[in-house]
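Colleague: Below is the structure I would like to discuss, written out as structure tokens.
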Amino acid sequence: MKARVEGWNTKRFSALMALDALATAFCYMLAAVVRFEGMPPPEWMPDLRGAFVVLVASRVLVLWLMKMHRWSFFLSGLEEAVRLGAATVGGTVLFAVLWYGVHGHGLPVSIVLLELLLTSSALAAIRYSPRFTASALGERLDDGRQKALIVGAGSAGDLLLRDLRRSPEKKIRVVGFVDDSPRKQGTTVGGRAVLGTIEDLPEIIEKYEVTLVMVAIMGFSAERVRKMLALCSGSKAKFKIVPASFTQMDDKISAAMLHDLSPEDLLPRLQVGFDQEEIGIKVRGRRILITGAAGSIGSEIARQVASHQCARLILVDMNENGLYLGTRELQAQFPELIVRAEVADIREPDRLLRLGKKYRPEFIFHAAAHKHVPLMEDAPEEAVKNNVFGTLNVARMADAVGAERLVFISTDKAVRPSSVMGASKRIAEMVLRDAGRRSKTRMTAVRFGNVLGSAGSVIPIFKQQIERGGPVTVTHPDCTRYFMTIPEAVGLVLVSGLNDYGELCILEMGKPVRIADLAYHLITMAGFVPVLEIPIVYTGLRPGEKLHEELMTEEEEKTRGVRNRVMVADSPAPPVDLKERLVELRKLADAGEPQALLQAMRDLVPSFRTPEIEPSAPVLPKNDAFDQDGTQPPTFPVPPGRA
């Protein structure tokens, strides 16, 4: 096989060099005819014949030395063109040295210069014509390829276009660019015109029958993403984007880096990055125990601390299947790490204490909780047993085994709670603060909003509904939530919990996101027209839900400090009779008396109030103008021909 390949390459290279020699000979003779305006006079023929041999030999020798016979007809670009120009000039210089150095006369310089111009053009045509011919034919043929637009006519867009052209599959045909820069309007990039601005996207998509929009702009903000999706909501185009981590490396951009627009791209702020080395210094060589390790947050904490070379990792959860799969994944990814999986219930203090004494963890991350708001409304006793007393058990175990730090995962629903789940988390914060003040273990509660893509969250539900053809169900057109990504949430947990920031830490989360906007944008990102193709139904707030979540109470806002985009707040001290109240809570939870239990929770958390539940009948969406600050629901225009 190797011999056949080498034989083919030898024949190919020889043929290309022979073609170069023929082109040089023809261009030389043409230059002589042009110089003398016909056949050269007889007295010039001896010199012309002698120079012919020297010129062709010089040209072919320099081309061979510069490896111009090793040419890719479909992948060569500007760098190869520069090398070809240098090779042709080099051949002419070598000829001039050999000919004029020996003869000193006998050939008009004009012939040499004219031959250089003609031969350079001929050699370039030989090498680039297959590529340009194939490209031209491909653009004229309606070959079923997906028609695409590139947003961004800069260097990233140019490199993306080149990569798409070089792709062996050639499944995408780029029809042009859009860019908001006035200087780029009417120009071309790689032979493709800049067809307009982002505002013109709907018309361009319709005119050129575009089915794919690819964003290749460095630092393309979430605000611009939302604006683009709102503009294109009447089209059926799908959207892809080059992630910000790649657009910092323009020279390596390729189509493989493109990913579908995701909810993370819609966040109304820059995603928060944390100093990984700072985290690594704290975690390296430590024994770490994680409760709720099979959940979205717990499993990500496990992955991140494992990547920082902790000494031993103990994963605790009641979900045996998720625990088993997560443990196997970590062991495969970090074979040198000691990972132990323990099926345990945080509501059983004796079991927790035995685990603590067995492994002696230095850091404990407590992520286990009942978190589904509507379910906990129907089972307040279970929320109290798990979220309140499970947290108390973990805190007592941490103190008993001398753990250095305990980090508790809380929620924004604990602020002026309207749900049993939120109230139980608020009481758990009190429990942690009270326990921390009587223990050598540093205990920190970390409070954040909804996590994009976590199990049971709104994003996976919306995606499933879209895949089924709708309807997409939204509780209320004005409902808003704070969102963050799972890596952000875990970065906050690690940075806050492993530093002495305070007893309560909250991430700066920017502006809340309107859930209705999120639903509309997800439908558009999936290539459907909101309302017309995927209906949206407003079902009314569910028991325990609020229209708008908060991150801090008024008292906490007065005391907050900000460090590394982490807000540090000082919550009011727990009531002095917390221990007695917890005894009463436990008694009511065990007895299964929900009404009395709810009243006891309200006594502990005076701000706990269940909101008025609105009727569940569908609510028509508002038709106000879209505001980039998210203060109004978006208007999604009906595309031509769909009204």
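Colleague: List, in order, the whole-Hz ³J(HN,Hα) value for each residue of region 31-42 obtained from phi through the Karplus relation with A = 6.51, B = -1.76, C = 1.60 and θ = phi - 60°; use x for Gly and Pro.
Modeller: Listing the rounded values in order: 4, 5, 5, 5, 4, 9, 6, x, 5, x, x, x Hz.
Colleague: At a 10 Å Cβ-Cβ cut-off, how would you order Y128, Y482, fewest neighbours first?
Modeller: Ordered from fewest to most neighbouring Cβ atoms within 10 Å, Y128, Y482 come out as Y128, Y482.
Colleague: Which of the three applies to region 272-369, rounded, prolate or oblate, going by the alpha-carbon gyration tensor with a ≥ b ≥ c and a/c under 1.5 meaning rounded?
Modeller: Taking the square roots of the gyration eigenvalues as a ≥ b ≥ c, region 272-369 is prolate.
Colleague: Next question. Taking 0.36 nm per residue of sequence separation and subtracting the Cα-Cα distance, how much length would be gained by fully extending the chain between R83 and V562, in nm to one decimal?
Modeller: 166.8 nm
Colleague: Calculate one ³J(HN,Hα) per residue across region 82-97 by plugging θ = phi - 60° into the Karplus curve 6.51 cos²θ - 1.76 cosθ + 1.60, and present them in order as whole Hz with x for glycine and proline.
Modeller: After applying 6.51 cos²θ - 1.76 cosθ + 1.60, I find 5, 5, 5, x, 5, 5, 5, 5, x, x, 5, 5, 4, 4, 4, 5 Hz.
Colleague: Take every Cα-Cα pair in region 276-604 and report what % of them are more than 29 Å apart.
Modeller: 39
Colleague: Need one word for region 542-600: rounded, prolate or oblate. Basis is the Cα gyration tensor (sqrt eigenvalues a ≥ b ≥ c); a/c below 1.5 gives rounded, then a/b vs b/c decides.
Modeller: Oblate.
Colleague: Can you run phi through the Karplus equation (6.51, -1.76, 1.60; θ = phi - 60°) for region 474-480 and list ³J(HN,Hα) in whole Hz, with x for Gly and Pro?
Modeller: 10, 5, 7, x, 9, 5, 10
Colleague: Give me I466, I301, I126 ranked fewest to most by other Cβ atoms within 10 Å of their Cβ, as a rough exposure proxy.
Modeller: Exposure proxy ranking, most exposed first: I126, I466, I301.
Colleague: Here's a follow-up. In nm, give the distance between the simple-model label positions of K67 and V109, each being 7 Å from the Cα along the Cα-to-Cβ direction.
Modeller: 3.5
Colleague: Which FRET efficiency value, to the nearest 0.05, is calculated for A573 and R468 with the Förster distance at 45 angstrom and r the Cβ-Cβ distance?
Modeller: The value I calculate is 0.35.
Colleague: Which one of G436, S424, F408 is farthest out on the positive end of the charge dipole of region 405-470, using unit charges on Cβ (Lys, Arg +1; Asp, Glu -1) and the Cα centre as origin?
Modeller: G436
Colleague: What full-extension length gain, to one decimal in nm, is calculated for L19 and N321 as 0.36 nm per residue of separation minus the Cα-Cα distance?
Modeller: So the extension gain works out to 102.0 nm.
Colleague: Quick one: grab the alpha carbon gyration tensor of region 173-241, order the square roots of its eigenvalues as a ≥ b ≥ c, and give me rounded if a/c is under 1.5, else prolate or oblate depending on whether a/b is larger than b/c.
Modeller: oblate
Colleague: Please give the FRET efficiency for E554 paired with T187, using the beta carbon to beta carbon distance and R0 = 60 Å, rounded to the nearest 0.05.
Modeller: Approximately 0.65, to the nearest 0.05.
Colleague: Now, a different point. For D500 and A400, what does the FRET efficiency come to when R0 = 22 Å and r is the distance between their Cβ atoms, rounded to the nearest 0.05?
Modeller: Plugging the Cβ-Cβ distance into 1/(1 + (r/R0)^6) gives 0.50.
Colleague: Continuing with this model, one more query. Please work out how much length the chain gains when fully extended from V102 to V53, using 0.36 nm per residue of separation minus the C-alpha to C-alpha distance, in nm with one decimal.
Modeller: 16.2 nm
Colleague: Points 7 angstrom from Cα along the Cβ direction at E37 and S155: gap in nanometres?
Modeller: 5.1
Since every read-out is calculated from the coordinates, none of them should be taken as a lab result. It should be emphasised that the depicted structure is a prediction, and the values quoted were computed from it without experimental measurement. Cβ atoms come from the backbone with ideal geometry, glycine included; neighbour counts cover every protein chain shown.
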